[in-house]
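Peer 1: Handing you this structure, nothing more for now.
FYI, it's all coordinate maths here, none of it is from the lab. The shown structure was predicted, so the numbers you read here are calculated from the model rather than taken from an experiment. Cβ coordinates were reconstructed from backbone atoms using ideal geometry, including for glycine residues, and neighbour counts include every protein chain displayed.
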Amino acid sequence: MTTTQHPTAALDGYLDRWSAAICSNDVAVMAPFTTEDWILVGARGSLTRQAFHDLVAAGTLQHHTMTHRIIEVRRPTPDTAVLFTREQNTGSWQGEPIRADEWTTDVLVRTADGWRCTLTHLTAATA
């Protein structure tokens with residue numbers, strides 16, 4: 001396994017594009033960045049890709065800003081990457097403003113169409 005402090009440009013660019021897609025609040029724009037079986041894990045449990053997309057499509061969850069600072073990238077295989085980041089975002093939940101500061105772990109797989117996230121784990125940052 002390879003561990004680096006500096007991600008490859010392709011992975012860094014992936015996060016920038018995926019964040020922009022999420023902030024578009026358009027499920028069709030977001031969909032190409034995750035696998036069909038993508039799952040989001042957080043303090044309240046897990047959410048499937050479809051459930052996440054349904055919340056966005058209904059306007060229940062909206063993102064306005066999102067930034068990632070990559071802490072570490074691990075490449076257990078040439079077609080797998082684990083990204084550890086500090087992520088901050090703003091948006092709304094059921095019409096109320098939200099702000100998050102989180103540690104994230106994303107597991108990416110390289111497909112014929114490029115990198116796709118198959119798992120995202122969020123932990124609220126307290127420090």
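Peer 1: For helix 9-24, what angle does its Cα long axis make with the longest principal axis of the chain, in degrees from 0 to 90 and rounded to 10?
Peer 2: Once rounded, one gets 10 degrees.
Peer 1: Also, quick follow-up: ³J(HN,Hα) across the stretch 92-108 via Karplus (A = 6.51, B = -1.76, C = 1.60, θ = phi - 60°), whole Hz, x for Gly/Pro?
Peer 2: For the stretch 92-108, the Karplus-derived couplings read 9, 10, 6, x, 9, x, 10, 9, 10, 10, 9, 8, 10, 10, 10, 9, 10 Hz, x marking Gly and Pro.
Peer 1: Quick check on packing: order 12-19, 93-100, 38-45 by the mean number of other C-beta atoms within 10 Å, highest mean leading.
Peer 2: 12-19, 38-45, 93-100
Peer 1: Which net charge results for the neighbourhood of Ala20, defined as the other residues with beta-carbon distances under 14 angstrom from its beta-carbon, given Lys and Arg at +1 and Asp and Glu at -1?
Peer 2: Net local charge, Ala20 excluded: -3.
Peer 1: Could you tell me which label, among (i) 7.7; (ii) 7.1; (iii) 10.6, carries the value of mean projected area of the Cα convex hull in nm² calculated for this structure?
Peer 2: Label of the calculated value: (i).
Peer 1: Same structure, new question: About the Cα centre, and with charges only on the beta carbon of Lys, Arg (+1) and Asp, Glu (-1), how big is the dipole of the chain? Nearest 20 debye, please.
Peer 2: It comes to approximately 220 debye.
Peer 1: Moving to a separate point now. Could you line up Thr60, Thr105 from fewest to most neighbouring Cβ atoms inside 10 Å?
Peer 2: Thr60, Thr105
Peer 1: Amide H of Ala125 versus every other amide H placed in the peptide plane: which residues, excluding those fewer than 5 positions away on the same chain, fall under 5 Å?
Peer 2: Residues meeting the amide H criterion: Asp101, Glu102, Trp103.
Peer 1: Could you put Leu55, Leu61, Leu108 in order, starting from the residue whose Cβ has the fewest other Cβ atoms within 10 Å?
Peer 2: Leu55, Leu61, Leu108
Peer 1: Students often get this wrong: which residues of the stretch 15-33 have the backbone nitrogen under 15 Å from the point 7 angstrom along Cα-to-C-beta of Ala57?
Peer 2: 25-32
Peer 1: While we're on this one: If you average the sequence gap of Cα pairs under 8 Å that are 6 or more apart and divide by the length of the chain, what percent do you get for the contact order?
Peer 2: Relative contact order for the chain comes out at 26 percent.
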